[in-house]
Structure formats: structure tokens, C-alpha cells
Amino acid sequence: MDYIYILLGLALVLGPLVGYYARQIVANQQILGTRKEAKRLLDDATRRHRELLLEAREEARRVRSAADADNKERRHQLQQAEKRLSQREEAAERKLESVERRGRALDGKESEIEAHKAELQDIKDRQLAQLESLSEMSRDEARNSLLQSLKSEVEGEASRQVRIWEAKISEEAEERAQRILASAIQRCTTDVVSETTVSAISLPSDEMKGRLIGREGRNIRALEQATGVDLIIDDTPETVTISSFDPVRREVARVALSKLILDGRIHPARIEEVVGKANAEVGALIRSEGERAAHEAGVVGLHPELVKLLGQLRFRTSYGQNVLLHSLEVSHLAGMLAEEIGVDGATARKAGLLHDIGKAVDYEVEGPHAMIGAKLVKQWDKSNEIAQAVAEHHGEESTTSVMGFIVAAADAISGSRVGARRESLQQYLKRIAELEDIASSFPGIEKAFAIQAGREVRVLVKPDEVDDLTTVRLARDISKKIEETLTYPGQIRVMVARQTSAVDYAK
């Protein structure tokens, strides 16, 4: 038992010592291994350093060899350049010597020329003195006489050439203008049938008139107050006439009346409701028509207010011609005319589309529609060029711009073509009577007749009071007075005829 305790004691004493020495042995072995690895790495590094050093020396040797070769090549090139430069210097020296020799030779020839010139001048002076003595005129007098003769001859020839050129240019300009107008008219296709604003509503029966009037006229008063038009209900069977200077109000009243007649319920509250819907429908139609017209004319970026005014032209007519369709036609014609003469076609189309924009509000604003339209364009479009063309297209302002001439020509083409416009019977008869009265107002007129729907006036003069030369002046005076007095589409031909008859009888 004691033996066991002794062994345990020894184990407890010797165990730490044995562990310590064991750890020391392991640590020494690790240190030795680490030293060996460090030595190996050092040897590898040394060997790699030697290899890199050798490689660097070899690369330096190659670079030095390349540099030596390059320097050798450059020295060779410099030698060649020096050689060429030397040769050029020698050639330049030889040329300089040659030039100096030529200069000395020219100096000698110049002296000879000067001597010859002096001799020729002396001969010329002697001959001139002989000519002056023979002609009894000094040199200045002879020069002035010759210049005067040449001046008269040149002026006469210049006048003849100017007349020839003017005639040729006038003929070519007339031919080109006819070709451009014919091409533009041929390319523009539009409807020939004119449109008029509807101002009468058909009723299903005369009983509907009473319902429209209402008790003590309250329905008709409510309708007139809501639409701003006058309703004329007279003895005409099954018809109601709408009267208003505002075409948009007239259209609203027409739409509202059509709805009321179709619905059958007619009383003030219903009238107010239907008129509100009609206003909305007509407003949408106006915007749609304005946008369609701008799209068809190829005009982009138009101000909404101008689009609205364009749509209102859908309900406006001039001499029976729908103004919106007329504006589209003028836009197309102006664009084609502008392209034919090399002017901006887009600007011309825009000016043609807007040229009658003033007619949308001319019943509200005082003044010619061209000036009203120019103010509207300047206000909403901010384009002075287009505003000037709109103002000039009817002559209210003197036409000075190219665009004004183009729009005026396109407007005249559209308005004067056959079937484009028509007048009422009263206006037609009044215009015919005014034409004949103007022609008859001049002295020496025997009779005057307006023919071809007022497009020609034939005047017969008294042969014993008016001679042949006076007939020409009379035709011009009548034409000028017609232009100043009347408003008419297209042109009017004035023909003055003078005839002297001699009668005798053989017996």
C-alpha cells in the first residue's frame, strides 16, 4: 500500500518534468525545421536574384545594341540630308548666277527700249502736230468729238437693247406666271358645289308651331333667350326660320330645335337642357373641324384659339362659298405657288389657311376682316410675316411682301373659278345695274350692256362725239372707276365700241 503511494508521488513529481523536457524536444525540432525552411527560401531567393540579374544584363545588352543601330541609322540619314542640302545650295548658286546674267542682259535691252520709246514718242508728236494742222482741231477737241459720237451711238444701242430685254422679260414673265398658275390650279382639286348655312327647320306638322310658341309665347322666348337668335314663325307651312348674324349661334339653335322637335317635350326647363347639350356638341364639332382643317393643310403647332376660330369658319359662308373650304383651297394653292417660285411652302400654306380667320369674328369686331385677321394672327401666332400676308391679301394695306402676293393670288384663284361662289338674285341685279350705270355715266356714251353674268361690259359710244383715240382712254377710265366703286369676284372685261355707218341709195 505504501508502495503504491510512493509510486503515485513519484508520478506526480516526475510527470511535469517529463512533459517539460518533451515540449523542449518538440520545440527544438520545430526550430530546426524552421531554420532549414528559412535557409531553403534564402537559397531560392539568392538563385532567383542571380537569374533576374542575368536577365536584366541581357536585356540591357539588347537595348544598347538596338540603340546603337538606331543611332547609326540616324547618322546615316543626317549625312544623306546634309549631302542633299549641299547639292541644293550648289544648284541655287548656279541659278542665281544665271539670273544675274539675265538681269544684266535685260538692263541693256531696257536701255534700248527706252531709246526706241523716246524716238516713237517724237514721231507721234510730229504726226499729231501734222493732224492738228490738217484738221484744224486740237487734240482735246478731237477727243471730245469722238467721245460724244461714241456716247450717242452707245446710248442709242443701249436703249434698243433695253427695249428688247424688257419685251423679252415681260413675255417670259407672263409665260412663266401662266405656267405656274395653271400648274397650281390643275394640281388643286376641290368641291365645286357651294355650301350655304341652313337657316330653316322643317316641322313634322303645323301643330308643332304651337308647341314651339308655348303658352303666351314662353317656349319661343326661352329658346330665343337661351340661343341668342330670332325665331321667325310665320304663315309658311311646316317651316321655322332662324335669324342671326352669328353663324355659331344659328347652328346651336338649329341643333337644339332639331332635338326638341324629335323629342317632342318642349318647355323652358327642357329647352335650357337641350341648348346646353347643343352648345357642347357644336363646340366639339368646331374643335374637330379646326383640327381637321389644320391637319389637311399640313399646318402643325397651331394655337388652340386659332384652331377654334378655324372651326367656326365651318358655319360661315361668303357669296355662297363655305369659308373653311375656301381657306383650305387657298392654303393648298398658296403652298403650290410658293414652291413653284422657290419660297417656303409651309409658311405659305399657313398664311393661306389663316387669311380669312377674321371672318370668324367680323360680326363682333368693327373693321375689314383682313385687318381683324392680321391682329388675331399677331396675337396668337406671333408671326409678323403671316400677319402681314393676311393684312395684305385684300388690298387694305399695300402689298409689299412676297407672301402677301402669293396669298392674294391664291385667294383670287379660289374665288373666281367657275361655280365657286354665287350671289343672291337681289345682289346680282344690283351689281349688274351698278355696272351699267357706271359705264353710262361718262360723256359720249350711247348705251351700256352688262353681259356674261356681269363679267363683261359692252359700251357703245356716239361716233360723232368720241373718236378712236378717246375710246381707248374711255375703256381705261371705266375700268378704273369700276375697280374703285364695286366689289366683285374675278375680273370684269370692259369693251368700248365705236362704229360709223354710211348709207346711200341707188335709184
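Give the angle, between 0 and 90 degrees and rounded to the nearest 10, that separates the Cα long axis of helix 268-297 from the longest principal axis of the Cα atoms of the chain.
70
Counting Lys +1, Arg +1, Asp -1, Glu -1, what net charge surrounds R498 among other residues with beta carbon under 11 Å of its beta carbon?
-4
Please report H303, H116 as a ranked list, fewest other C-beta atoms within 10 angstrom at the top and most at the bottom.
So the ranking, lowest neighbour count to highest, is H116, H303.
Using Cα atoms only, what is the angle between the long axis of helix 323-340 and the major principal axis of the chain, expressed in degrees (0 to 90) to the nearest 10?
60
What is the set of long-range amide H partners of V496 at a cut-off below 5 Å, with H atoms built 1.01 Å from backbone N?
Amide H to amide H, under 5 Å and 5 or more residues apart or across chains, V496 pairs with V459.
Farthest toward the dipole's positive end in the chain, which of V99, T241, A38, given Cβ charges of +1 (Lys, Arg) and -1 (Asp, Glu) about the Cα centre?
Of the options given, the answer is A38.
Of K359/K430; K375/K481; K308/K382; K350/K480; K359/K382, which ones are farther than 26 Å apart at the Cα?
K375/K481; K350/K480
Can you tell me the order of 354-363, 330-339 when each peptide is scored by its average per-residue count of other Cβ atoms within 10 angstrom, highest first?
Ranked by mean Cβ neighbours within 10 Å, highest first: 330-339, 354-363.
If you line up the long axis of helix 345-354 against the longest principal axis of the chain, both from Cα atoms, how many degrees apart are they, to the nearest 10?
Once rounded, one gets 50 degrees.
Which percent, nearest 5, of DSSP beta bridges in the chain are antiparallel?
Roughly 75 percent of the beta bridges in the chain run antiparallel, per DSSP.
What ranking do 264-272, 55-63 get when scored by the average of other Cβ atoms within 10 Å per residue, highest first?
264-272, 55-63
Once percent of Cα pairs over 46 Å apart is worked out from the coordinates, which option in [x] 15; [y] 58; [z] 11 does it equal?
[y]
To the nearest 20 debye, what charge dipole does the chain have about its Cα centre, counting +1 at the Cβ of each Lys and Arg and -1 at the Cβ of each Asp and Glu?
So the dipole magnitude of the chain works out to roughly 3140 debye.
Every number here is computed from the coordinates shown, using simple stated rules; none is lab data. Treat the numbers as computed from the prediction; the structure is a model and nothing was measured. Glycine gets a Cβ as well: all are built from the backbone with ideal geometry, and neighbour counts include every protein chain shown.
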